[in-house]
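Visitor: Here you go, one structure.
The values are calculated or read from the model by the stated rules, or taken from the named source; none is laboratory data. These numbers come from a predicted model, not from an experiment. Every residue, glycine among them, receives a Cβ derived from its backbone with ideal geometry; neighbour counts consider all protein chains shown.
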Amino acid sequence: MNPSLLPGQPHFAYRGDQLFAEDVCLGELARTYGTPLFVYSKAAMLSALAAYQRGFAGRKVQICYAMKANSSLAVLQVFARAGCGFDIVSGGELQRVLAAGGDAAKIIFSGVGKTREEMQQALMAGIGCFNVESEAELEVLSEVATRCGATAAVSIRVNPNVDPKTHPYISTGLKGNKFGVAHERALQAYQRAAALPGLRVAGIDCHIGSQITEERPYLDAMDRILDLVDSIEAAGIPIGHIDFGGGLGIDYNGDTPPQADALWAHLLARLDARGYGARELMIEPGRSLVGNAGVCLTEVLYLKPGEQKNFCVIDAAMNDLPRPAMYQAFHQIVPLERRAGPASIVDVVGPVCESGDWIGRDRALNVRSGDLLAVLSAGAYCMSMASNYNTRGRAAEMLIDGAAARLVRRRETAKDQMSGEILLE
Ligand code: LLP
């Protein structure tokens, strides 16, 4: 492999000692736009999407980008223009898709706690399908649709009880998880859906977890879902599409998840063998489309030697990059300009007043105050989970396309943060 390429992030590479995103020097960007700064490569997003498109060539498929991974408007525009639909989980996400020019008919609405208002908003917008997560939700959706004089296309999210072998916070398809309808109750739920006014059974779906790095859980989940399709259709309820959710992992630190095209070659072979190859398929990938398309640029503020640990204090924090604090997640951290000389072992930490505000532990870095670093694999579940904790403004974002760098979100100011608040008289 070309040593100047970063693992998992082929669109980010060193040219000489300078780190580039496509044809743009990241050090120059950081100096011009300030830090923390998220930088996304459009080519990286489209090449991640292309792996799915290759995998599904010749099939009837709708790829619905799970926008919770990164819901910035420019990112949504890239996927909308590439023909993607969207998997949404709130009325806010619906508004974002519409603002980005996405096609409402290609939206699927997931989530365990949709409100009546959100259901109505989605029906009025004409979304493609509701992924219903409980029998109680079926009743409410039927009531809302009937009141609006609309018919809601529904798919029931079935919990296949398959262990995705990932972090417990991001495993979603086990019996103990709050998601979906239990496999054993699914047929009953479909019978109810078919009987309720205002609903039309459109498909079936599942999602077993996130950052999955093995193929086995997908194959197991597929078998469980197809068994159900057999029994639901035997009961006289046709299932139009089959939605296999998202969840494919990315390489954060030498992880070796299957490639989307290879994974789907195997899943489709299984589907064909069971006679479902001609069905309309859907998937909801999030992380695997954007995770390794983004980095977060940050400046070293202080080096702080300690008795037990040496700290490297940077200007990005857990409010910008919440995954290490939340899931003990690993993100690689590399300099924007490589420098010869010995590295020392440091904990890379942010300025937020919490011991949990670390970005990387025990990292070998040769850095001085004022140096610029990139936190890698930061395209998914970073900006979309960013907060204003410590009244820190959310970072700016840039989209790179070849040699062109476009600011797609300006840095949030304290004034922006206070704009919705009301002072006492
Ligand atoms: N569909 C549904 C119904 C989901 O719940 C999720 C993610 C996805 C699709 C997309 O999954 P993906 O392809 O991105 O794995 N914040 C966590 C990840 C939470 C994932 C929640 N559900 C993290 O930073 O690791």
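Visitor: Considering only residues that are of a type in the set (Phe, Trp, Tyr) and away from the ligand (no atom under 16 Å from the Cβ), which ones fall in the stretch 261-280?
Guide: Answer for the stretch 261-280, where residues must be of a type in the set (Phe, Trp, Tyr) and away from the ligand (no atom under 16 Å from the Cβ): just 276.
Visitor: Cβ-Cβ under 6 Å, sequence separation 6+ or interchain: first residue in the stretch 185-200 and at pLDDT 95 or above, partner surrounded by fewer than 16 Cβ atoms within 10 Å (Cβ to Cβ) and not in a loop (DSSP other than H, G, I, E, B). Which pairs?
Guide: Between residues of the stretch 185-200 that are at pLDDT 95 or above and residues that are surrounded by fewer than 16 Cβ atoms within 10 Å (Cβ to Cβ) and not in a loop (DSSP other than H, G, I, E, B), the close pairs are 187/231; 189/135; 197/146; 198/146.
Visitor: Restricting attention to the stretch 64-121, which residues are among the acidic types (Asp, Glu) and either under 26 Å from residue 396 (Cβ atoms) or within 16 Å of the ligand (Cβ to nearest atom) (or both)?
Guide: 87, 93, 118
Visitor: Right, another one. Which residue, of 127, 156, is touching a Phe, Trp or Tyr at 6+ places or on another chain (Cβ under 7 Å), within 16 Å of the ligand (Cβ to nearest atom) and either farther than 22 Å from residue 61 by Cβ or outside any strand (DSSP E or B) (or both)?
Guide: 127
Visitor: Tell me, which residue of the stretch 281-303 that is more than 9 Å from the ligand (Cβ to nearest atom) and hydroxyl-bearing (Ser, Thr, Tyr) is farthest from residue 77 (Cα to Cα)?
Guide: 302
Visitor: Checking the conditions here, which among 176, 198 is assigned by TED's automatic domain parsing to the domain that holds residue 252, among the small types (Gly, Ala, Ser) and under 25 Å from residue 257 (Cβ atoms)?
Guide: 176
Visitor: Residues of the stretch 402-418 being in a helix (DSSP H, G or I), surrounded by 14 or more Cβ atoms within 10 Å (Cβ to Cβ) and among the aliphatic types (A, V, I, L, M), which ones?
Guide: none
Visitor: Quick test of your reading of the structure: residue 343 fulfils all but one of (1) buried (at least 21 other Cβ atoms within 10 Å of the Cβ); (2) of a type in the set (A, V, I, L, M); (3) away from the ligand (no atom under 16 Å from the Cβ). Name the failing condition by number.
Guide: (1)
Visitor: At pLDDT 95 or above, out of contact with any Ser or Thr (no Cβ under 6 Å at 6 or more places or on another chain) and assigned to a loop (DSSP other than H, G, I, E, B), is that true of residue 251?
Guide: yes
Visitor: Only residues in the stretch 274-297 that are within 20 Å of residue 398 (Cβ to Cβ) count as the first member; pair them with residues that are of a type in the set (S, T, N, Q) and within 16 Å of the ligand (Cβ to nearest atom), Cβ under 6 angstrom, at least 6 apart or cross-chain, and list the lot.
Guide: Here the result reads 290/70; 291/377; 292/377, each pair linking the stretch 274-297 to a residue that is of a type in the set (S, T, N, Q) and within 16 Å of the ligand (Cβ to nearest atom).
Visitor: Consider residue 361 carefully, then state whether it is charged (D, E, K, R), out of contact with any Lys or Arg (no Cβ under 9 Å at 6 or more places or on another chain) and modelled with pLDDT of 95 or more.
Guide: no
Visitor: Residue 245: within 14 Å of the ligand (Cβ to nearest atom), touching a Cys at 6+ places or on another chain (Cβ under 7 Å) and not in a strand (DSSP E or B), yes or no?
Guide: yes
Visitor: On to the next question. Assess whether residue 26 counts as being surrounded by fewer than 20 Cβ atoms within 10 Å (Cβ to Cβ) and either farther than 24 Å from residue 332 by Cβ or away from the ligand (no atom under 16 Å from the Cβ) (or both).
Guide: Against the criterion (surrounded by fewer than 20 Cβ atoms within 10 Å (Cβ to Cβ) and either farther than 24 Å from residue 332 by Cβ or away from the ligand (no atom under 16 Å from the Cβ) (or both)), residue 26 does not qualify.
Visitor: Then there is this: Condition test on residue 76, is it surrounded by fewer than 20 Cβ atoms within 10 Å (Cβ to Cβ), touching a helix residue (DSSP H, G or I) at 6+ places or on another chain (Cβ under 9 Å), outside the structural domain of residue 246 (by TED's automatic domain parsing) and not small (Gly, Ala, Ser)?
Guide: So residue 76 does not fit the description; no.
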